[in-house]
Structures are given as C-alpha cells and as structure tokens.
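Have a look at the structure below, then the notes.
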Amino acid sequence: MKFGMRKPSLSKSIKARTTAKYKRKVKKTLIPGYGKKGTGWVKNPKKAAYNKVYKKTTFSIWDLFK
C-alpha cells in the first residue's frame, strides 16, 4: 500500500478530463446501474476496500494548492 504523495501524470490527467467524460455519458445511458454510489462494493469488494484505503493514505500534488 502506498503512503504519501501520488506521482503526477500529465497525460493521464488530460485523458481523464477529455475522453472519459463522453464515455461515462454513453455508459450511463446504456447501463442502468453504471455510476451509482456503492456499486463497487457489490461488484468487487476487495478492490473497493483497497481503493478506499488508498484514497485516505495518499494525496495529489494538487491537494497542496487547495
């Protein structure tokens, strides 16, 4: 498990802000349960637990400027 600051990636940041927006919009219209809160715990509880701990133990460089 990682602790501390996450390594920033400019390419991943740009990709997340552009292409993923439209993919999410399409998936939300086609798949009824897509994007709902708590569905990660139903689908894959091990990964959901890991992500919850990871989110609490790491921070982004952008969090320093808030």
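Considering only residues of the range 1-27 that are assigned to a loop (DSSP other than H, G, I, E, B) and of a type outside the set (A, V, I, L, M), which is modelled with the lowest pLDDT?
The first filter runs over the range 1-27 and keeps only residues assigned to a loop (DSSP other than H, G, I, E, B), leaving 1-3, 6-9.
Remaining after also requiring of a type outside the set (A, V, I, L, M): 2-3, 6-9.
Numbers: Lys2: 77, Phe3: 86, Arg6: 88, Lys7: 88, Pro8: 88, Ser9: 89.
So, considering only residues that are assigned to a loop (DSSP other than H, G, I, E, B) and of a type outside the set (A, V, I, L, M), the one modelled with the lowest pLDDT is Lys2.
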* **the range 16-25, residues that are open to solvent by less than 80 Å² (accessible area, probe 1.4 Å) and more than 13 Å from the chain's Cα centre (by Cα)** => Thr18, Thr19
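Out of the residues in the range 28-40 meeting the condition of being open to solvent by less than 60 Å² (accessible area, probe 1.4 Å) and assigned to a helix (DSSP H, G or I), tell me which one is nearest to Met1 (Cα to Cα). Full working, then the answer.
Taking the range 28-40 as the starting set, the residues that turn out to be open to solvent by less than 60 Å² (accessible area, probe 1.4 Å) are 33, 35, 38-40.
If we keep only those that are assigned to a helix (DSSP H, G or I) as well, we get 39-40.
Details: Thr39: 23, Gly40: 19 Å.
Filtering the range 28-40 for residues that are open to solvent by less than 60 Å² (accessible area, probe 1.4 Å) and assigned to a helix (DSSP H, G or I), the one nearest to Met1 (Cα to Cα) comes out as Gly40.
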* To do: Might you let me know whether the range 45-58 holds any residue that is in contact (Cβ under 8 Å) with a residue 24 or more places away in the chain, part of a loop (DSSP other than H, G, I, E, B) and among the hydroxyl-bearing types (Ser, Thr, Tyr)?
  => no
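Determine whether Pro45 is farther than 24 Å from Leu64 by Cα, open to solvent by less than 100 Å² (accessible area, probe 1.4 Å) and out of contact with any Asp or Glu (no Cβ under 8 Å at 6 or more places or on another chain).
yes
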* Structure fact -> The residue that is farthest from Arg6 (Cα to Cα), considering only those in the range 41-66 that are among the small types (Gly, Ala, Ser) and out of contact with any helix residue (DSSP H, G or I) (no Cβ under 7 Å at 6 or more places or on another chain), is Ala49
* To do: Please state which one of Lys2, Lys36 is out of contact with any Lys or Arg (no Cβ under 6 Å at 6 or more places or on another chain) and without any contact (Cβ under 8 Å) to a residue 40 or more places away in the chain.
  => Lys36
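The values are calculated or read from the model by the stated rules, or taken from the named source; none is laboratory data. This is a predicted model, so every value here is computed, not measured. Every residue, glycine among them, receives a Cβ derived from its backbone with ideal geometry; neighbour counts consider all protein chains shown. When the accessible area is computed, the model is the full protein with side chains, heavy atoms only, and any ligands, DNA or RNA have been set aside. Shrake-Rupley method; radii C 1.70, N 1.55, O 1.52, S 1.80 Å.
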